[in-house]
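Comments concern the structure below.
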Amino acid sequence: MIDKFNETAWISIVLFTADQSNFRYAPSLFAYPTFKQLNVRTYVRFGDERGVYFCSLYTNDWLVAKGGRTFGLPFSQIQMSQLEMEKGLRFSIANDFCVNYFPKNKPYTPSKDSLEQFLTERYCIWFVRGKHIIKFPIHHENWTLQNVTVNLDKRESLLQAFPLLETQPIAHYAKEMMSYAHLYEKFAIYKN
């Protein structure tokens, strides 16, 4: 079911660069090359477990896209780039979407029961594959965030399904986060 904060459902666009992706205990020499990802997600709950559900996933790496689709995740490969600027970052997705973001305060840990905690402290991905509801557990430390000023240069085909982006988005930035993915579990049977 959709998980809500103060009776409101949320959709987030998360941009990141993945670096040093590797199997646990494997030498860093075998780390997967750096890739970029954009995911459009909403927030869900299955029983007492809160997680995320991906509406769509984009990456600049063909093998990541192919591997994700094999698991049943809605991955597409698309051109992406990231540029560090004097006081922020510029993230470009093909010719459809470009965002500039500028951190504007000191890093902080979101307080308990805050919107920021609701949006970030999620420890599983839920998705449907065939008739199975799949749980993909993840683990990470608590997020350290900064509020940011965001400028969206283009809002074309990639984001046409999200007209609410016409308003100024709530945005956060994290310099880095180490996360661990675990083996997925077939959690339940999905019935229409």
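The values are calculated or read from the model by the stated rules, or taken from the named source; none is laboratory data. All values reported here derive from a predicted model rather than from experimental measurement. A quick note on method: Cβ atoms are made from the backbone with ideal geometry, for glycine too, and the neighbour counts reach across all protein chains shown.
With respect to Lys175, determine if the residue is out of contact with any strand residue (DSSP E or B) (no Cβ under 6 Å at 6 or more places or on another chain), loosely packed, with under 15 Cβ neighbours inside 10 Å and modelled with pLDDT of 90 or more. Here the answer is no, as Lys175 does not meet what is asked.
Evaluated against (1) in contact (Cβ under 8 Å) with a residue 24 or more places away in the chain; (2) over 23 Å from Gly47 (Cα atoms), His140 falls short on exactly one condition, (2). Of all residues in segment 119-160, which are hydroxyl-bearing (Ser, Thr, Tyr), modelled with pLDDT of 80 or more and assigned to a helix (DSSP H, G or I)? Thr120, the sole residue that qualifies.
As a summary of the residue check, Gln20 satisfies the conditions (1) closer than 27 Å to Gln117 by Cβ; (2) modelled with pLDDT of 90 or more except for the one numbered (2). Ile138: more than 19 Å from the chain's Cα centre (by Cα), within 26 Å of His182 (Cα to Cα) and either surrounded by 12 or more Cβ atoms within 10 Å (Cβ to Cβ) or not charged (D, E, K, R) (or both), yes or no? Spelling it out, it is not the case that Ile138 is more than 19 Å from the chain's Cα centre (by Cα), within 26 Å of His182 (Cα to Cα) and either surrounded by 12 or more Cβ atoms within 10 Å (Cβ to Cβ) or not charged (D, E, K, R) (or both).
With a requirement of 3 or more residues that are surrounded by fewer than 18 Cβ atoms within 10 Å (Cβ to Cβ) and either touching a Ser or Thr at 6+ places or on another chain (Cβ under 9 Å) or of a type in the set (Val, Ile, Thr) (or both), the strands (runs of 3 or more DSSP E) lying completely within segment 1-68 that satisfy it span 11-18, 49-59.
With respect to (1) in a strand (DSSP E or B); (2) over 28 Å from Ile170 (Cα atoms); (3) of a type in the set (Gly, Ala, Ser), the lone exception for Ser81 is condition (2). Of all the listed residues (Phe54, Phe5, Phe46), the sole one being aromatic (Phe, Trp, Tyr), over 15 Å from the mean Cα position of the chain (by Cα) and at pLDDT 90 or above is Phe5.
For segment 94-111, the set of residues classified as touching a helix residue (DSSP H, G or I) at 6+ places or on another chain (Cβ under 6 Å) and under 15 Å from Asn60 (Cβ atoms) consists of Asp96, Phe97, listed by residue number.
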